[in-house]
Amino acid sequence: MCGIVAYIGPKDAYPILINGLYRLEYRGYDSAGIALLHDKKLSVYKTKGKVSELEEHLQGKNISGNIGIAHTRWATHGEPNDINAHPHSSESEDLAIIHNGIIENYLTLKEELMSRGHKFRSFTDTEVLINLIEDIQNNEKVDLPEAVRIALNQVIGAYAIVVISKHDPDILIAARKGSPLVIGLGKDDFYIASDATPIVEFTKNVVYLDDQELAIIRRNKDLKIKTIKNKDKTPYIQKLEMSLNALEKGGFEHFMLKEIYEQPRSIHDSFRGRLNASKGDVRVGGIIDYETKLINAKRIIIVACGTSWHAGLVGEYLIEDLARIPVEVEYASEFRYRNPVIYEDDVVIAISQSGETADTLAAIELARSKGATILGICNVVGSSIARATDAGTYTHAGPEIGVASTKAFTAQVTVLTLIALRLAKIKGTISTSRFFQIIHELEMIPDLIEKTLKVDPVVKEIAGKYKDVRNFLYLGRGYNFPVALEGALKLKEISYIHAEGYPAAEMKHGPIALIDEEMPVVFIAPNKGMYEKVISNIQEVKARKGKVIAVVTEGDTSVKKLADYCIEIPETEELLVPLVATIPLQLLSYHIAVMRNCNVDQPRNLAKSVTVE
Ligand code: M6R
């Protein structure tokens, strides 16, 4: 969702800010803006639309200054337009602010300010905050950091903010609660951003602000951090592991395609150092101290959203199958509000690529208030969820820029497979020979995915046939039911074609009514598990003249006799099929979206990290 980038130092701020905004585009946004301070003049430029439109709008304008703030906005309060875009200036135009998050009590604060004669230009909560800061500064005669601190104590909600003042070209104030903010420490300058992507090319030394912390960033001075309750904190400097290459397309037309093709590598990175097939060893460092808790847990509750929820479903099948521990998988957005029964001996596992999903964070808070142990599986290092959990593990898939999650999903499933195997081993619910069999096969998965990617031309041809249909159905059973859900989600989010995923046997309880000669049905039908039963389901579709696209095991003959199109994937263990079978479904949605001229990496209305509920 919204993105923040800010700079203070000796360099020209504009190129740093505008490139930073381009790097943040992947988060999803609908307007962009920038404020630069030069010669006591605070210039604010903003526009609805893309960063490139902002750049055009700035042609011929004064863009000097070596301090500035910039923002991409994903509309929450007020429609996406030039006025509601950030930065927002205070009434006097002496201050400007950029803000991610939502100020929940903004209406009360606004009414109070209006009753004191303040006027507003926009409908945003953010403008309320900057006017509140200015009001405090004027009435309480305090300096800017103190005014920001006092204002934040009156705010209910979530925020990551950066404030700039016309009267002080040597200071930026940043603060966070619930929305991430990272400060890069350069040689003689500072970079502030909502995630590390705009920073990584300048410095690897970063400080992640904690909730309710305020950073006072002065030119040529050390970074000062305090809590909003005025307690000084020592900045904890960490090293970024991200590389610049990971943030570029590397010759691919889209980030999504690059990320699909990265999967042999990202899966390998997910189990590197954790899986030693020859020694028969699996361990997931981050949760070692919680293994006893896990195997004795009354149940494991997995909370997540979207694709991460689908990975959680695969996790349920894996953990119950191998380690015989009861697992429930919950949509974080439902869990947080439905007054669930949570016991102290429950272990909650939160899964999130971004580590910033608001619903997942709220589900964690609820589980914590009931005394459960909370573990996390996140991709983004240092993210809010990674920090809010008792312990956890990173997926190490590398930065995922395409809004449609691909490599993050397979990395999450890989980590869940490792956890299930480890728990099964220490609980004694798996024989040694079976354990060895599975881990050997898991080690082969990157090679099998490399092989699977060769189906791309076949998938592209199928995409060409079905790119104009209005509906798709995806069906699978057992481990492949979540794969069907994931395939359908991928298609709808980037191609805007309506698609539903179902357990194949559920078809006859309703969706079968949709089948006619227009309806493509994607079956995940490897020669494992309920293969024969899936063949019966395919026959049911063919009997009603539906079109069948089947993902089958190499060398399959039975499904081939029935299906209109087959996509062959290499044979593997039944419980590892999701890792392989997902690949052609990702490619199918990608090619259909490209053929329909959709914006693959930034689909309409979607954001990469959903930081509001
Ligand atoms: O960052 P998270 O994994 O918590 O995000 C959860 C969902 O918003 C996310 O998976 C979403 O469904 C993706 N766009 C799917 O491709």
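Each reported figure results from applying straightforward, stated rules to the coordinates on display, with no laboratory input. Every value quoted in this text rests on a predicted model; they were computed, and no experiment measured them. Please note: Cβ atoms are built from the backbone with ideal geometry, for glycine as well, and neighbour counts cover all protein chains shown.
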### Query
Along the positive direction of the dipole of the stretch 3-246 (beta-carbon charges: Lys, Arg +1; Asp, Glu -1; about the Cα centre), which of HIS38, ILE171, ILE103 reaches farthest?
ILE171
### Share of pairwise Cα separations in the chain, more than 34 Å, in percent
45 percent
### Query
Which FRET efficiency, nearest 0.05, do GLU79 and ALA505 yield, Cβ-Cβ r, R0 41 Å?
0.35
### Query
For the charge dipole of the chain, defined by +1 on Lys and Arg C-beta atoms and -1 on Asp and Glu C-beta atoms about the Cα centroid, which residue among VAL381, SER266, ALA484 has the Cα displaced farthest towards the positive pole?
SER266
### Task
Hey, could you grab the Kirkwood Rh for the stretch 3-246? Inverse mean 1/r over distinct alpha carbon pairs, Å, one decimal.
17.6 Å
### Message
How far apart, in nanometres, would the label points at PHE436 and GLU320 be if each is projected 7 angstrom from Cα along the Cα-to-Cβ direction?
### Response
3.1 nm
### Query
Considering only the other residues whose Cβ falls under 10 Å of the Cβ of GLU517, what net charge follows from Lys and Arg at +1 and Asp and Glu at -1?
+1
### Task
Please turn the phi angles of the stretch 108-116 into ³J(HN,Hα) values with the Karplus equation 6.51 cos²θ - 1.76 cosθ + 1.60 (θ = phi - 60°), one per residue in order, whole Hz, x for glycine and proline.
4, 5, 5, 4, 4, 5, 5, 5, 9
### Summary
In order over the stretch 210-224: 3J(HN,Hα) from phi, Karplus 6.51/-1.76/1.60, θ = phi - 60°, whole Hz, x for each Gly or Pro, gives 8, 4, 6, 10, 10, 10, 9, 10, 9, 4, 6, 10, 5, 5, 10
### Query
Can you give the FRET efficiency for PHE252 and ASP516, using 1/(1 + (r/R0)^6), R0 = 45 Å, r = Cβ-Cβ distance, to the nearest 0.05?
0.75
### Task
Could you size up the charge dipole of the chain around its Cα centre, putting +1 on the beta carbon of Lys and Arg and -1 on that of Asp and Glu, and report it in debye to the nearest 20?
420 debye
### Summary
Here the residues of the stretch 378-400 lying in the modelled label zone of ARG272, meaning backbone nitrogen under 17 Å from a point 7 Å along Cα-to-Cβ, are 379-381, 394-400
### Message
Placing +1 on the Cβ of each Lys and Arg and -1 on the Cβ of each Asp and Glu in the stretch 251-430, which of VAL403, ALA424, GLY312 has its Cα farthest towards the positive end of the resulting dipole?
### Response
ALA424
### Query
Using the Kirkwood radius built from alpha carbon pairs, what does the Stokes-Einstein equation give as D for the stretch 98-194 at 20 °C and 1.002 mPa s, in µm² per second?
152 µm²/s
### Pair ALA543, GLN154: separation of 7 Å Cα→Cβ label points (nm)
7.0 nm
### Summary
With x for Gly and Pro, the residue-by-residue ³J(HN,Hα) of the stretch 83-93, computed from phi through the Karplus equation 6.51 cos²θ - 1.76 cosθ + 1.60 at θ = phi - 60° and given in whole Hz, is 5, 6, 5, 9, x, 9, 8, 6, 4, 7, 6
### Summary
Amide H proximity to GLU571 below 5 Å, modelled H, separation 5+ or other chain, gives GLU554
### Task
Could you please state, rounded to a whole Å, how far the C-alpha centre of the stretch 201-218 is from the C-alpha centre of the stretch 26-40?
19 Å
## Note on the structure
Taking every other residue with Cβ under 15 Å from the Cβ of ALA323 and scoring Lys and Arg +1, Asp and Glu -1, one gets +4
### Query
How much net charge surrounds ASP359 when only the other residues with a Cβ under 13 Å from the Cβ of ASP359 are counted, with Lys and Arg +1 and Asp and Glu -1?
-3
#### Entry: Residues in the stretch 524-551 reached by a label modelled at MET595 [backbone nitrogen below 15 Å; 7 Å Cα→Cβ]
547-550
### Amide proton proximity set for HIS38, modelled H, under 5 Å, gap of 5+
SER43
